[in-house]
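A.B. asks: I'd like to ask some things about the structure below.
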Amino acid sequence: MSEATLDYVVVEGPIGVGKSLLAEQIAERLGATPLLERSQENPFLERFYRNPRDGAFPTQLFFLMQRAEMLGHMRQSDLFEPRHVTDFLFAKDRLFAELNLDANEFNLYDRVWQTLAPSVPAPDLVIYLQASVEFLQAKLKRYAKGPERTLEPEYLERLTSAYVDFFHHYNDSPVLIVNAEGFAPLDNAEHFEMLVTEMQRARTGRHFFNPGMNGI
């Protein structure tokens, strides 16, 4: 797959793994428009962090509608901005819903998701940044400015396990699985160039990229 065919790339991974910064870097390289999740606009997110049971449903529904609107904009702007890189995968939205909602809430959420999903295109490539709970905790403590800094290890464990399971079954697009530990694309130009090369090779199925195994 050449860079010319990468019109819609998604960078995914659990909170704190660095997907937004990488999405911006890839967008600049491809001459694409970055569409980044605007979590600061979610008025229910702080409530969720204070009391997950009370805030999960409105938080999840807000993110679902926000993501659908952003991807709708992507379709409308195809003529003038044909390439896009996002830091969220619409299909993955259900992962958080299943993790945080009770059965009745999820059934209602899923009815909305099923209505919106058919209009969302599948990406040309999904880059899945994979990392351990310990790595995520260290990154959150160092860089996060909000309540994400204090996420419980148990929640991060459930989240990382849910991501592994999700991408084990996901087959709507090619997936490039990247070991995020020891991967420093912002600071190491060689790491980023290696990633771009791997992106071009990821035509179908799953591919694995571990920069630490390449002697760098």
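A.B. asks: Which of the residues spanning the range 96-132 are within 19 Å of MET70 (Cβ to Cβ) and among the charged types (D, E, K, R)?
C.D. replies: Within the range 96-132, ASP124 is the sole residue that qualifies.
A.B. asks: Would you please name the residue that is farthest from ALA184 (Cα to Cα), looking only at residues in the range 1-49 that are polar (S, T, N, Q) and in a loop (DSSP other than H, G, I, E, B)?
C.D. replies: Among residues in the range 1-49 that are polar (S, T, N, Q) and in a loop (DSSP other than H, G, I, E, B), the one farthest from ALA184 (Cα to Cα) is ASN42.
A.B. asks: Taking into account only those residues within the range 90-107 that are in contact (Cβ under 8 Å) with a residue 12 or more places away in the chain and among the charged types (D, E, K, R), which is surrounded by the fewest Cβ atoms within 10 Å (Cβ to Cβ)?
C.D. replies: Taking the candidates together, the pick is GLU98.
A.B. asks: Here's something else I'd like to know. Looking only at residues that are of a type in the set (A, V, I, L, M) and more than 14 Å from ASP172 (Cα to Cα) in the range 120-139, which one is farthest from the chain's Cα centre (by Cα)?
C.D. replies: Out of the qualifying residues, it is ALA138.
A.B. asks: Sticking with this structure for a sec: If you go through the range 186-211, how many residues are assigned to a strand (DSSP E or B) and basic (Lys, Arg)?
C.D. replies: Selection size over the range 186-211: 1.
A.B. asks: Could you list, in sequence order, all residues of the range 146-184 that are within 16 Å of VAL17 (Cα to Cα) and polar (S, T, N, Q)?
C.D. replies: Within the range 146-184, THR150, THR160, SER161, ASN179 qualify.
A.B. asks: I'd like the residue in the range 180-209 that is more than 18 Å from ALA122 (Cβ to Cβ) and in contact with a strand residue (DSSP E or B) (Cβ under 6 Å, 6 or more places away or on another chain) and, out of all such residues, is surrounded by the most Cβ atoms within 10 Å (Cβ to Cβ). Outline the logic, then answer.
C.D. replies: Narrowing the range 180-209 to residues more than 18 Å from ALA122 (Cβ to Cβ): 180-198, 200-201, 208-209.
From what is left, the residues that are in contact with a strand residue (DSSP E or B) (Cβ under 6 Å, 6 or more places away or on another chain) are 180, 198, 208-209.
Details: ALA180: 25, GLU198: 17, PHE208: 14, PHE209: 20.
Filtering the range 180-209 for residues that are more than 18 Å from ALA122 (Cβ to Cβ) and in contact with a strand residue (DSSP E or B) (Cβ under 6 Å, 6 or more places away or on another chain), the one surrounded by the most Cβ atoms within 10 Å (Cβ to Cβ) comes out as ALA180.
A.B. asks: Taking into account only those residues within the range 109-149 that are of a type in the set (A, V, I, L, M), free of Cβ contacts under 8 Å to residues at least 40 places away in the same chain and under 23 Å from TYR49 (Cβ atoms), which is surrounded by the fewest Cβ atoms within 10 Å (Cβ to Cβ)?
C.D. replies: That would be ALA138.
A.B. asks: Further question: Do we have PRO34 as under 18 Å from ASP102 (Cβ atoms) and either among the aliphatic types (A, V, I, L, M) or touching a residue at least 24 places away in the same chain (Cβ under 8 Å) (or both) here?
C.D. replies: Against the criterion (under 18 Å from ASP102 (Cβ atoms) and either among the aliphatic types (A, V, I, L, M) or touching a residue at least 24 places away in the same chain (Cβ under 8 Å) (or both)), PRO34 does not qualify.
Values in this text are rule-based calculations from the coordinates and carry no lab data. Everything numeric here is computed off the predicted structure, so don't read it as measured data. For neighbour counting, all protein chains shown are included, and Cβ atoms are generated from backbone atoms with ideal geometry for every residue, glycine included.
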